[in-house]
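**Student:** Supplied in structure tokens, the structure appears directly below.
The values are calculated or read from the model by the stated rules, or taken from the named source; none is laboratory data. Computed from a predicted structure; not experimentally measured. Backbone-built Cβ (ideal geometry, glycine too); neighbour counts: all protein chains shown. Areas reflect the complete protein model, heavy atoms only, side chains present, ligands, DNA and RNA absent. Shrake-Rupley method; radii C 1.70, N 1.55, O 1.52, S 1.80 Å.
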Amino acid sequence: MKKIVFYIVLSSIMSSIITIAAYKQYTKEEPILFPYTSSLSKTKFTSSDTSPLVSSAGFPDFTRVVSKTIHAVVNIKNYSKKYNNQFDPFDFFFGFPDDFGNNRGRKPQKNDIPGLHGSGVIISPDGYIVTNNHVIKDAEKIEISLNDQRTYKAKLIGTDPSTDIALLKINEKNLPFIYFSDSNKVQVGEWVLAIGNPFDLNSTVTAGIISAKNRSLGILRGETQSAIESFFQTDAAVNPGNSGGALINTNGELIGINTAISSASGSFIGYSFAAPSNLVAKVIQDIKKYGTVQRAYLGVKGMDLSKTEYLKAYNKETHQNIKSQPGFLIGEVFEKSGAADAGLKKGDIIKSIDGKPIQNVADLSFIVGTKHPGDKVKVNIIRNRQKKTFHVTLKDLQGRIKIRTKEEITPSELLGAIFEPLSKESKKEFGIGYGIRIIEIRTGRLSAIGLEEGDIILSINGEKMKKPNDVDRVLKKYSGDVTIKSIKQNGQVYIAGFEMN
């Protein structure tokens, strides 16, 4: 009997040791990835840690939700000479420079004065922060202030002007953060809270409801032709400085990043707009994992069938009588695209993708915008009043159907530019003996730091650029801070940087 008891005890001890060892090995090899999704965690409110959303007086009470999330929203200061001496018309959407209305035309002495204030959301305990691209655009230095007044210098991990999203990183641990929620489940009419720093007033909370979904405003098309706009519209008060802040639901989960307001004056007059969390999550996961957004394209362009005047013109041109209705009318199918390969044609009306109704271009761009090259989608259309279904394999702009690893993406691609050697005439004009000119620029690191077509790159990390291949030579397999010295088209020397990982 004693032997039996001994073996039982020994077996239990060995089992415990093996379990603990396996757990330690698992947690070592499988680190938690962001964005955190509460549906995969146990952090949702439970009956033991929640209070009613209605106070004893019968009014909405969001105190517990706010206390859970407010410390995860940060103040972002953009230190940039550009914003200290000129006015950006997009400030009417996004926020005003500190010196707006005062000392106009003043020349800054150095970049120790923040030009723009914005907000950001901590999405992981190790310091990853999501914000808007326009909040940190052209920044020479980015400073993060937490709700407890601790400040940090932030590194720019990556940006995506197509969605106006940027990912930052600060060196800190055990930070408060906000879980992502599935934005597809958001309903018009539900309560939401906006948290941010309007007019540099830290930790401001406003409440409202979702007024509409899938709004396209056209505000990002000036940044890129591949803009993806499918905003939540809310009546929660949002003002300049709220950009990049959190839009949360009543569970304290992130459903959107506040991006813009609709106003002629620059101040809130009733509506604001936020990028949905599912789109934000896809963008920042790509930036973190691949260094750039792996964007998929259907390969069509066209118009909403709600655009009555455009539809009349189309009917007149094509001798048709298409009625105004929900859907997207294909006006052109690009050669060698996924749509062309699958058999979609001009005149087809897209009614749904993967079973999700397509009301307008915002629906279409959002659904495709959350996909990767190589993903397959089921497209339901109407052609000649007949319903048809096509299975489309999405491609990237170069026609590839697979996700590319960091090793497969060249530094030039990450920078988002094509270069050419500098001509003798240009060297003489600027009084320099080396440099490469940007002849094409797309979404990437250079556009994020304010470089444009026609600008001349003199050096990268102190190494002179004499031919386009020098970019890949210097940055191949490089990880860390990158410093770019360039000459703008007006002859101004411009120095900016970013982090490459």
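**Student:** Quick check: from the Cα gyration tensor, does region 144-249 come out rounded (a/c under 1.5), prolate or oblate? Before the final figure, lay out the partial values.
**Tutor:** Values: a/c = 1.75, a/b = 1.23, b/c = 1.43.
Oblate.
**Student:** Additional query: Treat each spin label as a single point 7 Å out from the Cα along the C-beta direction, and report the K427 to E317 distance in nm.
**Tutor:** Between K427 and E317, the simple spin-label model gives 4.8 nm.
**Student:** List the residues, sorted by chain then number, that are 5 or more residues from G256 or on another chain and whose placed amide H is less than 5 Å from its amide H.
**Tutor:** L247, S277
**Student:** Further, regarding this structure: Report the net charge of residues surrounding F430, where surrounding means a beta-carbon distance below 11 angstrom and charges are Lys +1, Arg +1, Asp -1, Glu -1.
**Tutor:** Values: positive: K427, K428, R437, K488; negative: E425, E429.
That works out to +2.
**Student:** Whole-Hz Karplus ³J(HN,Hα) for region 360-365, in order, using 6.51 cos²θ - 1.76 cosθ + 1.60 and θ = phi - 60°, x for Gly and Pro?
**Tutor:** For region 360-365, the Karplus-derived couplings read 7, 5, 5, 4, 5, 5 Hz, x marking Gly and Pro.
**Student:** Moving on. Apply the a/c threshold of 1.5 to the C-alpha gyration tensor of region 348-421 and tell me whether it is rounded, prolate or oblate. Each step should come with its number before you reach the end.
**Tutor:** Values: a/c = 2.85, a/b = 2.48, b/c = 1.15.
Judged from the Cα gyration tensor, region 348-421 comes out prolate (a/c at least 1.5, a/b above b/c).
**Student:** Roughly speaking, what is the stretch gain from K464 to F199, that is 0.36 nm per residue apart minus the C-alpha to C-alpha distance, in nm to one decimal? The partial results should precede the final answer.
**Tutor:** Values: separation 265, 0.36 × 265 = 95.40 nm, distance 4.18 nm.
Gain on extension, K464 to F199, equals 91.2 nm.
**Student:** Compare the Cα positions of I460, T443, S486 along the charge dipole of region 432-488 (+1 at Cβ of Lys, Arg; -1 at Cβ of Asp, Glu; about the Cα centre) and return the one farthest towards the positive end.
**Tutor:** The residue sitting farthest along the positive end of the dipole is I460.
**Student:** Around G355, with a cut-off of 13 angstrom between Cβ atoms, what is the net charge of the other residues, counting Lys and Arg +1 and Asp and Glu -1?
**Tutor:** Numbers: positive: K351, K356, K378; negative: D354, D363.
With Lys, Arg at +1 and Asp, Glu at -1, the neighbours total +1.
**Student:** Continuing with this model, one more query. Can you run phi through the Karplus equation (6.51, -1.76, 1.60; θ = phi - 60°) for region 274-283 and list ³J(HN,Hα) in whole Hz, with x for Gly and Pro?
**Tutor:** 9, 6, x, 4, 5, 5, 4, 4, 4, 5
**Student:** In addition: Multiply the residue gap between D61 and I401 by 0.36 nm, knock off their C-alpha separation, and tell me the result in nm, one decimal place.
**Tutor:** Computed gain between D61 and I401 is 117.5 nm.
**Student:** Hey, how many Å between the Cα centroid of region 348-377 and the Cα centroid of region 423-487?
**Tutor:** 37 Å
**Student:** To the nearest 10 square angstrom, what accessible area does R150 show with a 1.4 Å probe?
**Tutor:** Probe radius 1.4 Å; accessible area of R150 about 100 Å².
**Student:** List the residues of region 226-256 whose backbone N lies under 17 Å from a point placed 7 Å from the Cα of D182 along the Cα-to-Cβ direction.
**Tutor:** 249-256
**Student:** In whole Hz and in residue order, list the ³J(HN,Hα) couplings for region 182-191 that follow from phi through the Karplus curve 6.51 cos²θ - 1.76 cosθ + 1.60, θ = phi - 60°; x for Gly and Pro.
**Tutor:** Rounded to whole hertz, the list is 6, 5, 5, 8, 5, 10, 4, x, 7, 5.
**Student:** Between V493 and E190, how high is the FRET efficiency from 1/(1 + (r/R0)^6) when r is the Cβ-Cβ distance and R₀ = 41 Å? Nearest 0.05.
**Tutor:** Working: r = 51 Å, r/R0 = 1.25.
The pair V493/E190 has a calculated efficiency of 0.20.
**Student:** Tell me the label-point distance for the pair I409, D481, using the 7 Å Cα-to-Cβ offset, in nm and rounded to one decimal.
**Tutor:** 2.3 nm
**Student:** Between R383 and A212, what FRET efficiency follows from the Cβ-Cβ distance if R0 is 45 Å, with the result rounded to 0.05?
**Tutor:** 0.90
**Student:** What are the GluC sites (Glu not before Pro) within region 393-501 that DSSP puts in a loop, where the Cβ has at most 12 other Cβ atoms within 10 Å? Mind dumping the intermediate values first?
**Tutor:** Values: sites: E407, E408, E413, E425, E429, E440, E452, E453, E463, E499; in loops: E452, E453.
The qualifying sites: there are none.
**Student:** Whose amide H sits under 5 Å from the amide H of N242, counting only residues 5 or more places off or on another chain, with H placed in the peptide plane?
**Tutor:** N197, F199
**Student:** Counting only heavy atoms of the protein chains, get the accessible area per residue of region 365-453 (1.4 Å probe) and round it to a whole Å² value. Working shown, then result.
**Tutor:** On the way: 4840 Å² over 89 residues.
Per-residue value: 54 Å².
**Student:** Expressed as a whole number of Å, what is the distance separating the alpha-carbon centroids of region 161-203 and region 275-296?
**Tutor:** So the separation of the two Cα centres works out to 15 Å.
**Student:** Sticking with this one: From the square roots a ≥ b ≥ c of the eigenvalues of the alpha-carbon gyration tensor of region 248-334, which class results: rounded (a/c under 1.5), prolate (a/b over b/c), or oblate?
**Tutor:** On the way: a/c = 2.79, a/b = 1.50, b/c = 1.86.
Oblate, because a/c is 1.5 or more while a/b does not exceed b/c.
**Student:** Relative to the present Cα-Cα distance, how much length would full extension add between Q285 and E452 at 0.36 nm per residue of separation? Walk me through the numbers on the way to the answer.
**Tutor:** On the way: separation 167, 0.36 × 167 = 60.12 nm, distance 2.64 nm.
Contour length minus the Cα-Cα distance gives 57.5 nm.
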